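Only one structure is covered here, and it is reproduced in the block below.
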Amino acid sequence: MTKAIVDEVRTYWEALRAGRPVPLRSEVDPRGIEGALDCSFILERMAPRVARFRVAGGHLNDLMGMEVRGMPLTAMFSPASRGEVGAILADVFDRPAVAELTLQAETGPGRPALAARLLILPMRSDRGGIDRALGCMPSSGPIGLAPRRFALTEAERHDIVVGRPARPATRSFDLTEPGFAEAMAPFARPARSRAHLRLVKTDD
């Protein structure tokens, strides 16, 4: 199931960019990834190695046991992995590149084994810079006691080539690295029978 969600989001992003280096954030329509909304998010770059959640699906809130909107992505990682995740974020926005990460949650009492995949896809904001990212983070296994923080076990960077789908680059990290709502109103999510994200018009 995690692979299907990752493939859905990546395929949608590739269709949006239509051969360009990256798509515009304003082009993202949640209906295009309806089957992956609960695990999806949009990031905003705040510093060279820092990006925060502008909006996130309910599954990410469940993993942390709280509203993640406004939090940095690295808050979902163990301290030992945060530096490498920051370096990967810098690659995503600066090169630009696509990142696919394999994650393993920390375990303990009430926290069973939990694996996850993290996909980060760069986008251009309406101001012109590549400072947004579409992504998803599906997990496999019971969440247990939140918050669940993850260790980075493997990461691959995929170079973006104009006119072709992004493919795996030779560099990889092995540590054994009208659109979504962005208003800061309290997160409201209906019954979990179907994933939803609240949509509002923004000036972004």
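Computed quantities for the displayed model
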read-out	value
Scan of the range 39-58 for residues that are surrounded by fewer than 22 Cβ atoms within 10 Å (Cβ to Cβ) and outside any strand (DSSP E or B), ordered by number	Pro48, Arg49, Gly58
Scope the range 1-38; condition in a helix (DSSP H, G or I), touching a Lys or Arg at 6+ places or on another chain (Cβ under 7 Å) and of a type in the set (A, V, I, L, M); matching residues	Val6
Qualifying residue in the range 59-80 (condition: among the small types (Gly, Ala, Ser), part of a loop (DSSP other than H, G, I, E, B), open to solvent by 30 Å² or more (accessible area, probe 1.4 Å) and within 28 Å of Gly32 (Cα to Cα))	yes
Number of positions in the range 141-157 that are in a loop (DSSP other than H, G, I, E, B) and in contact with a Lys or Arg (Cβ under 7 Å, 6 or more places away or on another chain)	3
Identity of the residue in the range 111-140, open to solvent by 10 Å² or more (accessible area, probe 1.4 Å) and outside any strand (DSSP E or B), that ends up nearest to Leu24 (Cα to Cα)	Asp126
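The values are calculated or read from the model by the stated rules, or taken from the named source; none is laboratory data. It should be emphasised that the depicted structure is a prediction, and the values quoted were computed from it without experimental measurement. So basically every Cβ, Gly included, is an ideal-geometry build from the backbone, and we count neighbours across all protein chains shown. We work out accessible area using only protein heavy atoms, side chains counted, and drop any ligands, DNA or RNA first. Shrake-Rupley method; radii C 1.70, N 1.55, O 1.52, S 1.80 Å.
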